[in-house]
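Laboratory data are not the source of any read-out in this text; all were calculated from the coordinates shown. These numbers come from a predicted model, not from an experiment. Note that we place each Cβ from the backbone using ideal geometry, even for glycine, and neighbour counts take in every protein chain shown.
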Amino acid sequence: MAKQFNELRERLLRAGVAPRHVARYLRELSDHLADLIAEEERGGRSRADAESAAMRRLGAMEDLCRAMTEQRRLRSWSARAPWAVFGGGSLLVLAAAYFVACAYLWFLWQVFLPGADTPFGQRNAGPIYGWQNICFQAGKYFYIAAPVLVGWGMAWVGARQRVRAVWLAGGLALIAWMGSTAHIQASRTAVPGGLGHIRMDFFAPGQNLAGMLVTFAIVAMPYVIWRWRRAESLS
Amino acid sequence: MPARETNPNFMNGVPELLILRLLEHEEMYGYEIVQAIRDRTDAVIAVGEGVVYPVLHGLERDGALKSRRGTVNGRSRIYYSVTRAGSRRLADLSATWKGLAAAIHKMLAGGQDGEAIQRTS
């Protein structure tokens, strides 16, 4: 029975049904099956007979699958509009991560370096294990890791929803492109009032092709390993 | 156990109607719903029991049903009940089906030279 439910799960996910609906469907089917087996056993059948009768009553695999896939409103956004999720969506999420990194940098700049024109290249930032340095380093590593974290998140979504690899590869390539061409500048005197100005640029042509390839390899690696191990377990 | 399943071609919209009607006054979980459909239709309407869940999920997604998790005999169950939107949908579906049933009955009673049937919706 577990094997049949696993097969049903795979078919539903590949058909684009949202994982949360698939999980709930399988849980309810499993409970229903347990009730049917108990009912058949109360009717005097042996355990084996009760299980096969219960499976027949539950419905053929084809019918159970079709009933769910016909409910178009239960499809995931990744299946309805993969170009939006893995194209625009991946860039938006990475942009949001960079926005958080910039806001954090601006906050530290105001708190720890109120007189400095820029938070970059400051050599008088206190002891190396001081609170100030740790805060700046945490922000720097978040900024550097943002494309990888977002890429892994996208790969997890793609794997969970059995999205076609071409969509995921496209999304990861965009993330790698945006991440490897990101350039940040900060200046207090760039705007009046002394509040400081942080600016980011992306997608400058001809920049950092090697960085893009390395980023792509890092973000795609867990997904490739997952696909490889899954193919091995299925064969 | 039903001897055969109802022809799916004649079932379009029927499960929704039956489910909304059953849940109109009391909440039930899937197994109870299937048993109630079988009992109250004298097993004339019989489908693979598992296919009731996609209909329940679809109706919940549309806001016609709401669900809550409950525990029966140590097992977790998802209970469904009708919302106001579901009550309105039930009224619409009932009116449509009553009109359709009357039209078909009229057609069958009239035999080969039956009267023209007015559209029901």
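Things to note:
- Of A:Met212, A:Met154, A:Met55, the one that fluctuates the most in a GNM where chain A has Cα springs shorter than 10 Å: A:Met55
- Charged-residue dipole, Cβ positions (Lys, Arg, Asp, Glu), the range A:80-235 about Cα centre, Debye nearest 20: 500
- For the range A:8-146, the mean projected area of the C-alpha convex hull, equal to one quarter of the hull surface, is 14.4 nm².
- The largest-to-smallest principal axis extents of the Cα set in the range A:1-66 are 41, 18, 17 Å.
- Note on the range A:111-235: Cα-Cα pairs beyond 17 Å make up 67% of the total pair count.
- Against chain A, whose longest principal axis comes from its Cα atoms, helix A:165-181 is set at around 10 degrees.
- A:Tyr25, A:Tyr98 arranged by Cβ crowding within 10 Å, fewest neighbours leading: A:Tyr98, A:Tyr25
- Label reach from A:Asn6 (point 7 Å along Cα→C-beta): in the range A:200-235, amide nitrogens under 15 Å belong to A:229-235.
- Counting only alpha carbon atoms, the long axis of helix A:47-58 and the longest principal axis of chain A meet at about 70°.
- Relative to the longest principal axis of the Cα atoms of chain A, the long axis of helix A:2-14 lies at roughly 50 degrees.
- Pair-distance profile P(r), taking every C-alpha pair of chain A, with 5 angstrom steps and integer %: 1, 6, 11, 12, 11, 11, 10, 8, 7, 6, 5, 4, 3, 2, 2, 1, 0, 0
- Distance cut-off 19 Å, percentage of C-alpha pairs in the range A:172-235 lying past it: 54
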